[in-house]
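The values are calculated or read from the model by the stated rules, or taken from the named source; none is laboratory data. Predicted model only: the values in this text are computed from it and were never measured. Backbone-built Cβ (ideal geometry, glycine too); neighbour counts: all protein chains shown. Calculation scope for accessible area: heavy atoms of the full protein, side chains included, ligands and nucleic acids excluded. Shrake-Rupley method; radii C 1.70, N 1.55, O 1.52, S 1.80 Å.
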Amino acid sequence: GGTANLTCRVDQNDNTSLQWSNPAQQTLYFDDKKALRDNRIELVRASWHELSISVSDVSLSDEGQYTCSLFTMPVKTSKAFLTVLGVPEKPQITGFTSPVMEGERMQLTCKTSGSKPAADIRWFKNDKEVKDVKYLKEEDANRKTFTVSSTLDFLADRNDDGAVVSCRVDHESLNSTPQIAMQVLEIHYTPLVKIISSNSWPEEGQSIILTCESKGKPVPEPVLWTKDGGELPDPERMVVNGRVLSISFLNKTDNGTYRCEAKNPIGRNSTEYVLIVHDVFNTLLPTTVIPSLTTATVTTTVALTTSTTTSATAISTRDPNALAGQTGPDHALIGGIVAVVVFVTLCSIILLGRYLARHKGTYLTNEAKGAEDAPDADTAIINAEGSQVNAEEKKEYFI
């Protein structure tokens, strides 16, 4: 189909004729005179030093050895071999029947004829080359060109649905523009089911939405929701809208296994979701506790806990209206603690003073006994000395 240019040049020529002849030794041009009636052959340039011709729309039959002759004594010749490339035909893919079930074996064959030399075939799936293929080359009846074929063998998978399989023919005659045949795969498969929850930590009184995502080909029918192997027990709170199950005002009776099932003409599939309803999480405010008094000892303890504690002495509770994010010291709380400590200390001192005063008076009274009835000082002294004799028998204890 291309054009071949044949040029014969002579450096020194004494007005001697030049001639071009084909592989069959037929004269094409003698100087500027056309000898063979073939409209594809034309004169390009004719002079004493050059004879150039062109052959358009070449075919495989034009391939061979062409001779340029210079008619001197003796005749001088020069030969050129013309190689004609066989352009491969547009490839075709066979062996695909739509649709294909998942798991079935597929064999796609790509075939092209008329190439010379033999063409190269490469397979691609979504622009990614597939290497493990079979290749076959056969010689055509004209014994000049070749028919080549390649087979792609694989198992149908759901991931191949919609994939584009292409067969590319590379050949030097195509000028870096390969010929390509394409086939879009259609794979049928059972549904793939997945449940998505709107609440990762459901608590009593809250709501939850369970979405059943199902993907299959053909498209799955509307899904079926069940709980613990049976129907949904509370249709008023458990509402199904297409693939979505909504449960409002959760409580402990909603705990259980929820199943979503989807099916299509190929088969059915299901998945489960275990629902656990948690107790409502209560956050209690921290408290301050001051324990009861002991004799002659005052102890104050500040404890921040998440539970309520009562004390016989005093309880200080943080203002519930305080800002939740406040992290600075609570001056009111500290002031209250200091006031209580001072008050308890003063009370203890007063009680201790009164106790000591009362015991001291008793001692002085007992000590003065014996001198009350003495008529004079000497007798009082004698009575006092007698009191000292009995002093060993009288003992006082201070607690």
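Some points to look at:
- Within segment 135-152, the set of residues being out of contact with any helix residue (DSSP H, G or I) (no Cβ under 9 Å at 6 or more places or on another chain) and among the hydroxyl-bearing types (S, T, Y) comprises Y135, T147, S149, S150, T151.
- Across segment 105-157, the number of residues qualifying as part of a loop (DSSP other than H, G, I, E, B) and more than 20 Å from Q183 (Cβ to Cβ) comes to 8.
- Candidate set: segment 64-83, residues that are without any contact (Cβ under 8 Å) to a residue 40 or more places away in the chain and assigned to a loop (DSSP other than H, G, I, E, B); chosen: the one most open to solvent (accessible area, probe 1.4 Å): M73
- Unmet criterion (only one of (1) open to solvent by less than 40 Å² (accessible area, probe 1.4 Å); (2) of a type outside the set (V, I, T); (3) closer than 30 Å to S113 by Cα) for M182: (1)
- Any hit, segment 146-155, residues being of a type in the set (D, E, K, R), surrounded by 12 or more Cβ atoms within 10 Å (Cβ to Cβ) and within 30 Å of P23 (Cα to Cα): no
- Residue in segment 195-215 that is closer than 30 Å to V130 by Cβ and open to solvent by less than 30 Å² (accessible area, probe 1.4 Å) present: no
- Annotation note: Cβ proximity below 7 Å between a residue of segment 1-30 that is without any contact (Cβ under 8 Å) to a residue 24 or more places away in the chain and a residue that is crowded, with 19+ Cβ neighbours inside 10 Å (sequence gap 6+ or interchain) occurs for T27/Q19; T27/S21; F30/Q19.
- Given (1) of a type in the set (F, W, Y); (2) open to solvent by less than 20 Å² (accessible area, probe 1.4 Å); (3) modelled with pLDDT under 95, index of the condition F281 fails: (2)
- Residues of segment 24-43 classified as open to solvent by 40 Å² or more (accessible area, probe 1.4 Å) and over 19 Å from G1 (Cβ atoms), total: 12
- Within segment 216-238, the set of residues being open to solvent by 90 Å² or more (accessible area, probe 1.4 Å) and hydrophobic (A, V, I, L, M, F, W, C) comprises V219, L224.
- All positions within segment 45-55 that are open to solvent by 40 Å² or more (accessible area, probe 1.4 Å) and of a type outside the set (A, V, I, L, M, F, W, C): R45, S47, H49
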